[in-house]
Structure formats: structure tokens, C-alpha cells
């Protein structure tokens, strides 16, 4: 399914579908909400609430738990950009 103006979300949905197909039945594929993209006042308030709840900008989009292993995936479209040094990895 392709939606307009959401290439990163489309790519992520495709990745989740593929992972669910190839991973063992008990595997968990989880999306971590880590940012609100619009810049209006309500979005800024929502982002502040999320940060207060422990959200970290730059944290991986998908977390996969399978057979005792953890995989962190960052999904980007052709026009998306990743942070040079994601804050979540600067421990």
C-alpha cells in the first residue's frame, strides 16, 4: 500500500510486513514512536509530552526481538536523512 507524501511510512510498513513473513512466529516487531513531524503548536506540545515519557529523538524506528536477539532498525526513504550521531547511541 502506497500513500501520498509518506514515503518513509510506506517503507516502514513494507519492512514490517517482510519481517513478519520471514521471522519465526514468536518474534516481536515493534515501532517506537519517537517524534511528531508537524510543526504546529499542538504537535510541539505532543512532542514535549512524548519526551517527558522517555522518547529520544534519533532512536531506532523498529525494534525486533527474536530468539534471544535484539535488532534496531532505522527506516529512511530516499529523501529522508538520518542523524549523523543519533543521540540514543551516544551513551
Look through segment 36-63, keep the residues that are surrounded by 15 or more Cβ atoms within 10 Å (Cβ to Cβ) and under 23 Å from residue 78 (Cβ atoms), and return whichever of them is farthest from the chain's Cα centre (by Cα).
-> 36
When residues of segment 17-31 are filtered for being buried (at least 16 other Cβ atoms within 10 Å of the Cβ) and over 21 Å from residue 55 (Cα atoms), how many remain?
-> 2
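Could you please let me know if residue 12 is on the phi < 0 side of the Ramachandran plot, modelled with pLDDT of 85 or more and surrounded by fewer than 15 Cβ atoms within 10 Å (Cβ to Cβ)? Outline the logic, then answer.
Numbers: on the phi < 0 side of the Ramachandran plot: yes; modelled with pLDDT of 85 or more: yes; surrounded by fewer than 15 Cβ atoms within 10 Å (Cβ to Cβ): no.
Spelling it out, it is not the case that residue 12 is on the phi < 0 side of the Ramachandran plot, modelled with pLDDT of 85 or more and surrounded by fewer than 15 Cβ atoms within 10 Å (Cβ to Cβ).
The values are calculated or read from the model by the stated rules, or taken from the named source; none is laboratory data. Here the structure is a predicted model, which means the values were calculated and not measured. Note that each Cβ is placed from the backbone with ideal geometry, even for glycine, and that neighbours are counted across all protein chains shown.
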